[in-house]
1. When you go through Phe139, Phe174, Phe105 one by one, which is the residue that is at negative phi, touching a Ser or Thr at 6+ places or on another chain (Cβ under 7 Å) and either surrounded by 11 or more Cβ atoms within 10 Å (Cβ to Cβ) or not assigned by TED's automatic domain parsing to the domain that holds Val35 (or both)?
2. Return the residues of the range 137-153 that are small (Gly, Ala, Ser) and either closer than 11 Å to Gln226 by Cβ or not in a loop (DSSP other than H, G, I, E, B) (or both); say none if nothing qualifies.
3. What's the number of the only condition in (1) part of a loop (DSSP other than H, G, I, E, B); (2) touching a strand residue (DSSP E or B) at 6+ places or on another chain (Cβ under 6 Å) that Lys58 fails to meet?
4. For the range 170-259, which helices (runs of 4 or more DSSP H) that fit wholly inside it have 1 or more residues that are within 27 Å of Val273 (Cα to Cα)?
5. Just to be sure, is Pro41 within 22 Å of the chain's Cα centre (by Cα) and surrounded by fewer than 17 Cβ atoms within 10 Å (Cβ to Cβ)?
6. Just to be sure, is Ile244 out of contact with any Cys (no Cβ under 7 Å at 6 or more places or on another chain) and either outside the structural domain of Lys77 (by TED's automatic domain parsing) or of a type in the set (Gly, Ala, Ser) (or both)?
7. Would you check if there is a residue in the range 130-144 being among the aromatic types (Phe, Trp, Tyr) and touching a helix residue (DSSP H, G or I) at 6+ places or on another chain (Cβ under 6 Å)?
8. Is it the case that the range 63-77 has a residue that's at positive phi, modelled with pLDDT under 95, more than 20 Å from the chain's Cα centre (by Cα) and not in a strand (DSSP E or B)?
Amino acid sequence: MDWNWDTVTEVAKRLTVDVNGNDATQDGFDPTQIVQVGYEPQYQSIESVGTFYGGAAKLYSGDAKGNYEATIPDSWKEGFKWFYDGMWGEQPYIGTGPLTGAPEFGSGNPFNSGRVAMGLTQTWYTCCLAEFVKGGNEFQLGIQPMGADGKVHGRIDADTFRIWKGTKNPKEAFTVLSYLITTGADKLLPVYGAMPADASKTEAFFAKKSEEYPFVTPESWDVFVQGLAYPDTPSSEQYVPNGIKATDRFATFMSLLRTTPDLDFDAEYQKLVDDLNSIFNE
């Protein structure tokens, strides 16, 4: 079978298990007594969910004269609906907000609880698996699934150091910046968990990670390296007009999906688009 979101869905259903040992595809499965979920977009925004499912897209068009317009593609809407059905459908395979927020599911860090079969997240999440490993759990890495168009739609987060143009001490600031991205990086990168942009530091970075997680194979770590060939361009964290407020509105929409059964999805999605059109033009 192709490794796409349809396959992920089928596998995730079989890996979503209730207290009686029934998976989500079996008769008698109790969605109110889930002890393991099949899939979790760990620490992902709803924009990232759209990118994974439908590919990178510019989220607005127009100019700065009150003519901006939200341009969320239909493939993202389909991805949002897939995400919602994964939580509230007849055969759920993603944890709802209340479930993943419960203490036994990590209080908002569900993969760390050892009760999530598959999670999709960034390299920096390797910072945060102490309880997972303490519980005797292990993990390996897999490639991202293809979208409906047969292409892999990845995500890249970039955490960067910058010098403020108005600084009173530009030379000193540059000295510090130079340290942070050279000698200091060798100490800081393993703490941050972020794979270095400097390719000469990649091998040492993963060597350190291998000390933390000795069960992860070299081939598995290489998934992160190969994934750089599939960036989301533009990024799901791209500029949008009135960005802070727009991002908050997307987050509110995701929270609504996470917490609301029997939602009128089409109506709420249209409300999101209408609100973004207003926010972009404020």
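The values are calculated or read from the model by the stated rules, or taken from the named source; none is laboratory data. Predicted, not measured: the structure shown is a model, and the values here were computed from it. With ideal geometry, Cβ positions are generated from the backbone for all residues, glycine too; neighbour counts draw on all protein chains shown.
1. Phe105
2. If we filter the range 137-153 for residues that are small (Gly, Ala, Ser), which is where we start, we get 142, 147-148, 150.
Across the range 137-153, there are no qualifying residues.
3. Looking at each condition in turn, Lys58 falls short on (2).
4. Passing ranges, in order: 243-259.
5. In short, no.
6. Values: out of contact with any Cys (no Cβ under 7 Å at 6 or more places or on another chain): yes; either outside the structural domain of Lys77 (by TED's automatic domain parsing) or of a type in the set (Gly, Ala, Ser) (or both): no.
Judged against the criteria, Ile244 is not a match.
7. Yes.
8. Within the range 63-77, one or more residues are at positive phi, modelled with pLDDT under 95, more than 20 Å from the chain's Cα centre (by Cα) and not in a strand (DSSP E or B).
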